[in-house]
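S.K.: Take this structure first; my questions come after.
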Amino acid sequence: MQKQEEIMKKKDPVYITGHRHPDTDSIASSIAYAFFKRSMGVHAVPCRLGALNKETRYLLSRFGFPEPVLLQDARLKLSEIDMDAPVSITSDTTIYETLQIMQKDNHAYCGVVDEERRLVGMVTKSDLAVVGLNDTAMSIDILAHTPAENIRKTINGTMIYDDDQAYINGKVSIIAMTDLDRLDNFNVKERIVIVGANTKAQLKLIELGAGMMIIVWADKIDERVINAARKYHCPIIRSGHGSMNTSRYLYFAPSVERIMKKKLVSFRSNELAEDVGNKMLKSRYRVYPVIDQEDRLVGYISRYHIMDARKRRLVLVDHNEFSQSVNAVDRGKVLEVIDHHRINDFTTSQPVAFRNEIVGSTATIIATIFRENQMLMPANLAGLLLGAVLSDTMNFHSPTTTERDISTANILAALADLNMEEFAEELFTVTSNQEKASFSDMINQDLKIYDIHSCKLSISQVIVPSARETRADVREIMSVVDRFSQKKQIDLAVLVFTSILENGSVVYAGGERASWAIEAFPDSNGEEHTFQENLLSRKQQILPALASVINEYMGG
């Protein structure tokens, strides 16, 4: 999963994707065309739009290819767009240190994270400005809970004496007049007292109950003062600044935990950038933290990042209908289409390279592109494409098969050093082994959905050793088809079991328009679910027959 995320984050890739409910032809074509584009210097990523069937998984394993990246939406996620780096601090970082970090990175904000990098708060320069510009009375409470060490490093000081029994109330006094008789007029009890290099004044202030003493303009501290501090539990810090800067910096010594915002508007890295942009309109922040699924900070985004985000670049293979493509495909940028199906609802706002040919497999077109460009094809890729050609043409039994498919398959077999007959037998043995699959799984394996005159039609085609034998399970099959049509709100759900060995299929249908399937594929001799000889191709036989009946009833 992490590797897929890394792939998705690379700058401006082109995603090569087949159709929903992918078959071997769409997956093999995506992988092969991505290989071709990468050879041409394009950062191309092969994708899948769903789970792979048994045949495809077998071929990928046999020829050593990983499963393509799962692409769920044509719109970009936050993790795929440019965002600001995840600059962060911890809750015990001082306000002063936070300001230095912001200035160094030229940021007006900083996330606060725990030891696991989980986001716990946020600090902005506006929050820091409140500390620096508002009345010091507002800082009394946070300064009262500030450790002496925080104060020491903030004022670039030296800790002369620290005491774990010390207590300060957060108030600050600067003693400029050190006349001993007048010191009694000052209320310094439990206060932070800033004083100069006057030993007698220092001793007097400690005796009067100073909570902490900060000494300025002093090279050394008298031992009597240290002893008094020990007696009265008064920490002493020698400041690295004069009185003015010491008093200024002092209020930046508390940790950011005291001023950070804890109720945040943040976004998840797997959210769609488009959705995040809409959510931003409901708030008025300049920047928003982005976290992953474990609440870890991964970056910052603003409206600029959303507006500047590019569209996902797509190449569609083995389909051209948007209803068969990735979700929200119209929000992406389609660059090319390579297909062998009918052209139906395809429209774009800009010109695209469109290659649609009358062949039995998209893999045939992809292999042709390699030859046209005189590009050498690796043996394992040739084997994968050969499997796709044999699968989509049903070992050349499908009426969609052309001479180009056959000649291309022979070339691919030679490149892969495979005996085509033996390889086809091996492939279809794997394909037809459906013993472990339920009928519910089968109806979703190779599924395509169409909208014809507002009639929602689904066609699932399953390759089996014997289509005739499925009639022994007719009740269970019909129950599955009916439940599927109700759940998916399909008007006409068709499940076709096809046997290449028997050279035909058996058709089952559910939904309110189920009777139309019987008109398209009539039963004979009074039996139900008659074996339909020579019925193999969804594209050229099954779909046209059903579309004809639908058009008769709903075409007007």
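S.K.: For the range 164-174, give me each residue that is open to solvent by 50 Å² or more (accessible area, probe 1.4 Å) and touching a helix residue (DSSP H, G or I) at 6+ places or on another chain (Cβ under 8 Å). Before you say what the answer is, go through the steps one by one.
M.R.: Of the range 164-174, the ones open to solvent by 50 Å² or more (accessible area, probe 1.4 Å) are 164-165, 167, 171, 174.
Residues satisfying the conditions are Lys171, Ile174.
S.K.: Going by what's in this entry, would Met213 be described as open to solvent by less than 10 Å² (accessible area, probe 1.4 Å), within 27 Å of Val130 (Cα to Cα) and not in a loop (DSSP other than H, G, I, E, B)?
M.R.: Numbers: open to solvent by less than 10 Å² (accessible area, probe 1.4 Å): yes; within 27 Å of Val130 (Cα to Cα): yes; not in a loop (DSSP other than H, G, I, E, B): yes.
In short, yes.
S.K.: Determine which member of the set Thr364, Thr368 is at negative phi, among the β-branched types (Val, Ile, Thr) and open to solvent by less than 10 Å² (accessible area, probe 1.4 Å). If you could, list the steps in order and put the result at the bottom.
M.R.: On the way: Thr368 fails: open to solvent by less than 10 Å² (accessible area, probe 1.4 Å).
That would be Thr364, the only listed residue that is at negative phi, among the β-branched types (Val, Ile, Thr) and open to solvent by less than 10 Å² (accessible area, probe 1.4 Å).
S.K.: When the residues of the range 511-542 are filtered to those that are over 20 Å from Leu501 (Cβ atoms), part of a loop (DSSP other than H, G, I, E, B) and of a type in the set (S, T, N, Q), which remaining residue is least open to solvent (accessible area, probe 1.4 Å)?
M.R.: Ser524
S.K.: Kindly establish whether Ile16 is modelled with pLDDT of 95 or more, crowded, with 17+ Cβ neighbours inside 10 Å and in a strand (DSSP E or B).
M.R.: Numbers: modelled with pLDDT of 95 or more: yes; crowded, with 17+ Cβ neighbours inside 10 Å: yes; in a strand (DSSP E or B): yes.
Judged against the criteria, Ile16 is a match.
S.K.: Which of the residues spanning the range 40-79 are surrounded by fewer than 22 Cβ atoms within 10 Å (Cβ to Cβ), touching a helix residue (DSSP H, G or I) at 6+ places or on another chain (Cβ under 9 Å) and assigned to a helix (DSSP H, G or I)?
M.R.: Once the filter is applied, which keeps residues that are surrounded by fewer than 22 Cβ atoms within 10 Å (Cβ to Cβ), touching a helix residue (DSSP H, G or I) at 6+ places or on another chain (Cβ under 9 Å) and assigned to a helix (DSSP H, G or I), the range 40-79 yields Lys54, Tyr58, Leu60, Arg62, Phe63, Ser79.
S.K.: Taking the range 235-267 as the region of interest, how many residues are touching a strand residue (DSSP E or B) at 6+ places or on another chain (Cβ under 7 Å) and under 17 Å from Ala197 (Cβ atoms)?
M.R.: Residues flagged as touching a strand residue (DSSP E or B) at 6+ places or on another chain (Cβ under 7 Å) and under 17 Å from Ala197 (Cβ atoms) within the range 235-267 amount to 7.
S.K.: Which fully enclosed strands (runs of 3 or more DSSP E) of the range 266-361 have 1 or more residues being among the polar types (S, T, N, Q)? Lay out the reasoning, then the answer.
M.R.: Details: elements: 288-291, 297-301, 313-317, 333-339, 353-356.
Result: 353-356.
S.K.: Return yes or no: is Leu427 in contact (Cβ under 8 Å) with a residue 40 or more places away in the chain, under 25 Å from Val496 (Cα atoms) and either assigned to a helix (DSSP H, G or I) or not hydrophobic (A, V, I, L, M, F, W, C) (or both)? It would help to see each step written out before you state the result.
M.R.: Values: in contact (Cβ under 8 Å) with a residue 40 or more places away in the chain: yes; under 25 Å from Val496 (Cα atoms): yes; either assigned to a helix (DSSP H, G or I) or not hydrophobic (A, V, I, L, M, F, W, C) (or both): yes.
For Leu427, the condition - in contact (Cβ under 8 Å) with a residue 40 or more places away in the chain, under 25 Å from Val496 (Cα atoms) and either assigned to a helix (DSSP H, G or I) or not hydrophobic (A, V, I, L, M, F, W, C) (or both) - is met.
Results for (1) among the aliphatic types (A, V, I, L, M); (2) open to solvent by 10 Å² or more (accessible area, probe 1.4 Å); (3) touching a residue at least 12 places away in the same chain (Cβ under 8 Å), shown as yes or no for each residue.
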{"residue": "Ile343", "(1), (2), (3)": "yes, yes, yes"}
{"residue": "Thr348", "(1), (2), (3)": "no, yes, yes"}
{"residue": "Phe354", "(1), (2), (3)": "no, yes, yes"}
{"residue": "Ile358", "(1), (2), (3)": "yes, yes, yes"}
{"residue": "Leu376", "(1), (2), (3)": "yes, yes, no"}
{"residue": "Leu384", "(1), (2), (3)": "yes, no, yes"}
{"residue": "Gly387", "(1), (2), (3)": "no, no, yes"}
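S.K.: Here are some residues: Asn187, Asn227, Asn278, Asn198. Which one is open to solvent by 20 Å² or more (accessible area, probe 1.4 Å) and within 30 Å of Gly111 (Cβ to Cβ)?
M.R.: Working: Asn187 fails: within 30 Å of Gly111 (Cβ to Cβ); Asn227 fails: within 30 Å of Gly111 (Cβ to Cβ); Asn198 fails: within 30 Å of Gly111 (Cβ to Cβ).
That would be Asn278, the only listed residue that is open to solvent by 20 Å² or more (accessible area, probe 1.4 Å) and within 30 Å of Gly111 (Cβ to Cβ).
S.K.: Restricting the search to the range 121-163, which residues are open to solvent by less than 20 Å² (accessible area, probe 1.4 Å) and at pLDDT below 85?
M.R.: Selection gives Val131, Ser139.
S.K.: Ok, one more. Can you tell me which residue is surrounded by the most Cβ atoms within 10 Å (Cβ to Cβ) among those in the range 391-408 that are at pLDDT below 95 and in contact with a Leu (Cβ under 9 Å, 6 or more places away or on another chain)? I'd like the intermediate steps shown before the answer.
M.R.: Going residue by residue through the range 391-408, those that are at pLDDT below 95 are 391-401.
Now restrict to residues that are in contact with a Leu (Cβ under 9 Å, 6 or more places away or on another chain): 391, 394-400.
Details: Ser391: 25, Met394: 22, Asn395: 18, Phe396: 17, His397: 15, Ser398: 21, Pro399: 14, Thr400: 21.
Once the filter is applied, the top-ranked residue is Ser391.
S.K.: To continue, here is another question. Mind listing just one residue for me: the one in the range 438-481 that is in a helix (DSSP H, G or I), at pLDDT 90 or above and of a type outside the set (A, V, I, L, M) and, of those, most open to solvent (accessible area, probe 1.4 Å)? Talk me through it step by step, then tell me what you get.
M.R.: Narrowing the range 438-481 to residues in a helix (DSSP H, G or I): 439-445, 468-481.
Now restrict to residues that are at pLDDT 90 or above: 443, 468-481.
Cutting the leftovers down to of a type outside the set (A, V, I, L, M) gives us 468-471, 473, 475-476, 479.
Values: Arg468: 98, Glu469: 135, Thr470: 13, Arg471: 75, Asp473: 62, Arg475: 210, Glu476: 103, Ser479: 49 Å².
Among residues in the range 438-481 that are in a helix (DSSP H, G or I), at pLDDT 90 or above and of a type outside the set (A, V, I, L, M), the one most open to solvent (accessible area, probe 1.4 Å) is Arg475.
S.K.: Right, next: Aliphatic (A, V, I, L, M), at pLDDT below 90 and open to solvent by 30 Å² or more (accessible area, probe 1.4 Å) - does that describe any residue in the range 86-107?
M.R.: Kept after step one, since they are aliphatic (A, V, I, L, M), are these residues of the range 86-107: 87, 89, 95, 99, 101-102.
Still in the running and at pLDDT below 90: none.
Looking for residues that are aliphatic (A, V, I, L, M), at pLDDT below 90 and open to solvent by 30 Å² or more (accessible area, probe 1.4 Å), one finds none in the range 86-107, hence no.
S.K.: Please determine, by comparing only the residues of the range 286-335 that are surrounded by 14 or more Cβ atoms within 10 Å (Cβ to Cβ) and of a type in the set (Phe, Trp, Tyr), which one is farthest from Met122 (Cα to Cα).
M.R.: Phe322
The values are calculated or read from the model by the stated rules, or taken from the named source; none is laboratory data. Being a predicted model, the structure only gives us computed values, none of them experimental. We place every Cβ from the backbone using ideal geometry, glycine too, and count neighbours over all the protein chains shown. To get the accessible areas, we keep the full protein, side chains included, count just its heavy atoms, and leave off ligands, DNA and RNA. Shrake-Rupley method; radii C 1.70, N 1.55, O 1.52, S 1.80 Å.
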